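Note sheet for the following structure.
The values are calculated or read from the model by the stated rules, or taken from the named source; none is laboratory data. A quick note: this is a predicted structure, and the numbers were derived from the prediction, not measured. All Cβ positions, even for glycine, are placed from backbone atoms using ideal geometry, and neighbour counts span all protein chains on display.
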Amino acid sequence: MTMDYQKAGRYFKLGLISTAALAATAGIALAKSDIVVAMQLEPPHLDPTSAAAGAIDSVLYSNVFEGLTRFGPDGSVNPGLAKGWEISEDGKTYTFMLREGVTFHDGSAMDAEDVKFSLDRARAEDSANAQKALFEGIESVEVVDPLTVKVTLAAPNGSFLFNMAWGDAVIVAPETIADIKTTPIGTGAFTFKNWVQGDKIDLEKNAAYWGTPAKLDKVSFKFISDPTAAFAAVMAEDVDAFVGFPAPENLPQFEADPRFQVLVGSTEGETILSTNNKMPPFDNVKVRKALAHAIDRQAIIDGAMFGYGTPIGTHFAPHNPDYVDLTANSAYDPKMAKALLAEAGYADGFKTTLKLPPPSYARRGGEIIAAQLRAVGIEAEISNLEWAQWLEQVFRGKDYGLTIVSHTEPFDIGIYARPDYYFQYDNPSFQQLMTDLGAEADPAKRSALLATAQETISGDYVNGYLFQLAYPTVANAKVQGLWKDAPTQATDLTAVYWQ
Amino acid sequence: MRNLWLGGLLTAVFAGMAVLSFLWTPYDPTVLDIANKIKAPTLAHPLGTDHFGRDILSMIMVGARTSIAVALVAVGIGMALGVPLGLMAAARKGSLWDEVIMRGNDLVFAFPSLLIAIMITAVFGASALNAIIAIGIFNIPVFARLTRSGALSLWSREYVMAARVAGKGAARISVEHILPNVANLLIVQGTIQFSLGILAEAGLSYVGLGAQPPTASWGRMLADSQTMISFAPHMALFPGLAILLTVLGLNLMGDGLRDLFDPKLRRARS
Amino acid sequence: MLHYLLKRLASLGLSLVVASLVIFLTLEVVPGDPAAYMLGINAQEDTLAALRDELGLNGSVAERYLSWAGGLLVGDFGTSYTYRTPVAEMIGERLWVSLPLALYALALSTLIAFPAGIWAASRRGSAVDVGVMGITQLGVAIPNFWFAMLMVLIFAINLRWFSAGGFVGWDAGFGAALKSLTLPAVALALPQASILARVMRSSLLDTLSEDFIRTARAKGLSRGQALRRHALRNALIPVLTIIGMQFSFLLAGAIIIENVFFLPGLGRLVFQSISARDLIVVESVVMLLVFAVIVVNFLVDLTYAIVDPRLRGRR
């Protein structure tokens, strides 16, 4: 008789809300200390260490859960629960010094045992961690004393501290792990309060936080997947901020309205026309080159993103200091594209598939690209897929000619060294480049290697490189301290306040 | 009679647009012109342009083709399978066969049709063909039931009795004597199912499960326009009007036909 | 009567079994692995296998059908793959939106249709009749999601009387909750009201031409009096049937309107679950809706059989 439970729960909730409302009216003279932040996707559950869903991190990262290290608003890696660390000469041993007096939200102390538990759990045989590769190099995790942990790696890894800052590497406690999916207990500046599935998640200020306390007392994350509803909710001021606003066409209206501020930040999302490099005729570099020249990036950015987005010519984030601008390599030139197709023996064009996942950059971008390809004789048949179908058909099954997707993981050019990756690019010299990069510590030499890597994939026309995805946030003009960019999936509200 | 004329006229206009679109449209509705996107109606584009700079009038013309084709084939499926089932059930009234057909009908009726149509297209992929199948399935029991009830009343008529006495088999009687006499009923119902099919196709396309781009479809035009309705209402207005007027035309025509075929009803109604 | 009842009950049971098989088998062939969806593009094969095992996706088709159908019999709808909460709880939560929405729309539809239908019937052939019939023609023909979009444009974006979408929840108070359901309910009610008004009118006209009304008229009742005192009650039977059918339609058919207004109702739950490949939720919700329709039909048939014994022999 679930219905009765539901009813009882509802009355109970009703009581809670009305007392809260009373308190709110009483304190009306004080500065506003609560915020409603909307985002498009709802987390499927609340365990960041066992799902790829970025939405989990968007709600919980840094707010509720913290790792040994943490990302700053600019993507830098800073101390988190570890106040410092020592790296051995050979680069294989990391000794982390943990902060003192850190407690989980259930009051228990966070110590070295919890760190060992978290890392061992993530790298275990039966682990459900979606980013298991982050932990692959770990050979052992030892508790030296309650506030010191020693992590030994199989080989030096220049990005280990970076890896530990990911949401998939946050520290959890063995006592509360069983219920983490519905009741997340972390160490962050906010505690989890309540989740109304399909609607919102409420957080509250953690009074016992070890660091700078949060400035807000209450936070609600509201989930509004529909772009129209998103527009309406912001316009009606039902929400105070919308992070990752889904409809770029509406941004000018918000910009023109003094009630709102619009922050357009950068992401790690390289949006590309992924090409099946093993499927004829895409196994012919001339055909891929023709493809690249047949595409008018600016038209895609204007038509699909209403002007928001930075053109890219390779698989690298333009805001990264090592980025090389190679867009000229694939300038829009339909005549040249036709000539290349004729050279490759496809003077009359050919037919292929264009499989599109749900986001509007893909659906709208796909319609534009199909029209541009049609102009040079390539008939790309569009099929719109849901994510589950896309993962099965395109990503795992490699049953596709073309697809559009934004690769949002930071610093992910290494995927081109994996011949079994879904675009099936198999170039031994590129693979060697990545091996060399892994062993190289000298920053100048690393830069040079990265430049060569970018040029290689651009020159091989592995994929069509379109644009770097923009990250628009629309907020009440009085809200301060929001992250502009999205160096990782996070909505860090620890420094947010009302003016 | 007024209904029939008005309905026929509206239907003819949209059917004419659909036919004309095979030969001519003001612009190529598959060619994008991003520089001219979201333009309100002008002389050059009487109904304006959409978010890719396509001519909305041209898209509505091609969309008429999509809607009419999907709905027409769906009605065809419903008739092709439903009518024989209904005739068979009536010919063997009360038999196990009849019971199975009628229970099967009830079962299909019991399914929430839109939900199942969405399920079907989600399972087998979004396409015009799957939309046709999903809509067509729910047309089968409509025609089966109608045919059966129409046929049952005929089986007791004298001329059918006479044919039986003359030794004609049930199948032959059904085709020769029953079917021609339920044809009027079927035409009226067919018109109504046709209009419901257009609404269903629009709904499926609206949630992204109908015809895929670059094929223009009214429902998808509405879906595309939704986030832009606050600054470009023309993008939402015209495709919606096209659906409304087509369905209205078909309904009026259906009513008119019913009155025409059934003078007794006409007297009662008007 | 008992024999009839037993026969109908048996066929009801059979219908439910067949329906559950159809639903289960259709969704069996849905492409897309829920585990892969949850773990995303960097998941490794062993991680996926671990999750599939955890979700119980590794059993045979027959095993999984029996465990699902067996669960339904005792009211256990299973556990959602993605949310990891009991499906029954999720359905309960969503019913708090879908059920009031359906009732609200039905109430609106009835409130509009009754006076309109009666008015039109009592002035048959007049300008009123023509006007009401014309409006109902439009109401039947208008795609309700488009009507909803236009209402959002006018009442939410321009006039700002209503919110353009979302549901504030019953916690926010009855009035506020009802207000957030108003535009969707109107969008749902318009076509239903149009249909109902037409049925009401023609049913009244049919009754008015029957003998007992003529008798009443002959006794000196005016047309309006005869209509109100005698015809109305008799005309109600077909109208009530339509209302019954509309209720189950509204419960299941609000899926697109729920999408337009972003309401966390049952239809939207199904839609979201299909895209997340949370098939157990889809199966259970669709089964519940089918169950509701079949039972409503059964009750309607039964009522008829009680009212009119002649019908028992039929079908």
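List of remarks:
- Where helices (runs of 4 or more DSSP H) fall wholly inside the stretch B:46-130, the ranges with 2 or more residues that are touching a Leu at 6+ places or on another chain (Cβ under 7 Å), hydrophobic (A, V, I, L, M, F, W, C) and within 23 Å of residue B:18 (Cβ to Cβ) are B:56-91.
- Residue within the stretch A:146-160 that is of a type in the set (S, T, N, Q) and under 25 Å from residue C:54 (Cβ atoms) present: no
- Here A:266, A:225 are screened, and the one residue that is within 13 Å of another protein chain (Cβ to nearest Cβ), within 22 Å of residue A:54 (Cβ to Cβ) and under 22 Å from the mean Cα position of the chain (by Cα) is A:225.
- Extreme residue, surrounded by the most Cβ atoms within 10 Å (Cβ to Cβ), among residues of the stretch A:36-81 that are among the acidic types (Asp, Glu) and modelled with pLDDT under 95: A:42
- Test: residue A:282 is of a type in the set (Phe, Trp, Tyr), more than 27 Å from the chain's Cα centre (by Cα) and surrounded by 18 or more Cβ atoms within 10 Å (Cβ to Cβ): yes
- Of the helices (runs of 4 or more DSSP H) lying entirely inside the stretch C:1-74, those containing at least 1 residues that are over 24 Å from the mean Cα position of the chain (by Cα), more than 14 Å from chain A (Cβ to nearest Cβ) and modelled with pLDDT of 85 or more span C:2-28, C:61-73.
- When residue A:392 is tested against (1) in contact with a Gly (Cβ under 8 Å, 6 or more places away or on another chain); (2) within 13 Å of chain C (Cβ to nearest Cβ); (3) surrounded by fewer than 18 Cβ atoms within 10 Å (Cβ to Cβ), exactly one condition is not met: (3).
- Verdict on residue A:186 being surrounded by 17 or more Cβ atoms within 10 Å (Cβ to Cβ), closer than 18 Å to residue A:492 by Cβ and not assigned by the TED database to the domain that holds residue A:129: yes
- Of all residues in the stretch A:181-215, those satisfying the criterion of being among the aromatic types (Phe, Trp, Tyr) and either part of a strand (DSSP E or B) or without any contact (Cβ under 8 Å) to a residue 12 or more places away in the chain (or both) are A:190, A:192, A:195.
- Of all residues making up the stretch B:84-100, the number that are surrounded by 22 or more Cβ atoms within 10 Å (Cβ to Cβ) and either within 14 Å of chain C (Cβ to nearest Cβ) or under 26 Å from residue C:246 (Cα atoms) (or both): 3
- Evaluating residue C:124 against the criteria (1) without any contact (Cβ under 8 Å) to a residue 12 or more places away in the chain; (2) within 11 Å of chain B (Cβ to nearest Cβ) leaves one unmet condition, (1).
- The number of residues in the stretch A:205-220 that are away from chain C (no Cβ under 14 Å) and under 30 Å from residue A:359 (Cα atoms) comes to 1.
- When the stretch C:96-121 is filtered for residues that are surrounded by fewer than 20 Cβ atoms within 10 Å (Cβ to Cβ) and over 30 Å from residue C:172 (Cβ atoms), the ones remaining, listed by number, are C:114, C:115, C:119.
- Here the condition is being crowded, with 21+ Cβ neighbours inside 10 Å, assigned by the TED database to the domain that holds residue C:234, under 22 Å from the mean Cα position of the chain (by Cα) and closer than 30 Å to residue C:227 by Cβ; of C:193, C:148, C:187, it holds for C:193 alone.
- Test for residue A:301: is it closer than 30 Å to residue B:221 by Cα and either surrounded by 19 or more Cβ atoms within 10 Å (Cβ to Cβ) or within 14 Å of chain B (Cβ to nearest Cβ) (or both): yes
- When the stretch C:258-270 is filtered for residues that are in a helix (DSSP H, G or I) and facing chain A (nearest Cβ under 10 Å), the ones remaining, listed by number, are C:259, C:260, C:261, C:268, C:269.
- Test result for residue B:235, closer than 17 Å to residue B:58 by Cα, crowded, with 22+ Cβ neighbours inside 10 Å and either over 21 Å from the mean Cα position of the chain (by Cα) or at pLDDT below 90 (or both): yes
- A residue that is touching a residue at least 24 places away in the same chain (Cβ under 8 Å) and under 20 Å from residue B:142 (Cβ atoms) occurs somewhere in the stretch B:60-67.
- Subset tally (residues that are within 16 Å of the chain's Cα centre (by Cα), surrounded by 24 or more Cβ atoms within 10 Å (Cβ to Cβ) and either without any contact (Cβ under 8 Å) to a residue 24 or more places away in the chain or more than 28 Å from residue B:103 (Cα to Cα) (or both)) for the stretch C:260-295: 5
- Count of the stretch B:11-69 residues which are touching a helix residue (DSSP H, G or I) at 6+ places or on another chain (Cβ under 6 Å), within 14 Å of another protein chain (Cβ to nearest Cβ), among the β-branched types (Val, Ile, Thr) and surrounded by fewer than 22 Cβ atoms within 10 Å (Cβ to Cβ): 1
- In the stretch B:161-195, the residues that are of a type in the set (Ser, Thr, Tyr) and either under 23 Å from the mean Cα position of the chain (by Cα) or within 30 Å of residue B:246 (Cβ to Cβ) (or both): B:191, B:195
- The set of residues from the stretch A:220-261 being surrounded by fewer than 18 Cβ atoms within 10 Å (Cβ to Cβ) and assigned to a helix (DSSP H, G or I) comprises A:252, A:253, A:255.
- Of residues in the stretch C:207-234 being of a type outside the set (S, T, N, Q) and within 28 Å of the chain's Cα centre (by Cα), the one farthest from the other protein chains (Cβ to nearest Cβ): C:233
- When we screen A:90, A:126 for residues that are more than 27 Å from residue A:63 (Cβ to Cβ), within 14 Å of another protein chain (Cβ to nearest Cβ) and assigned to a loop (DSSP other than H, G, I, E, B), the only hit is A:126.
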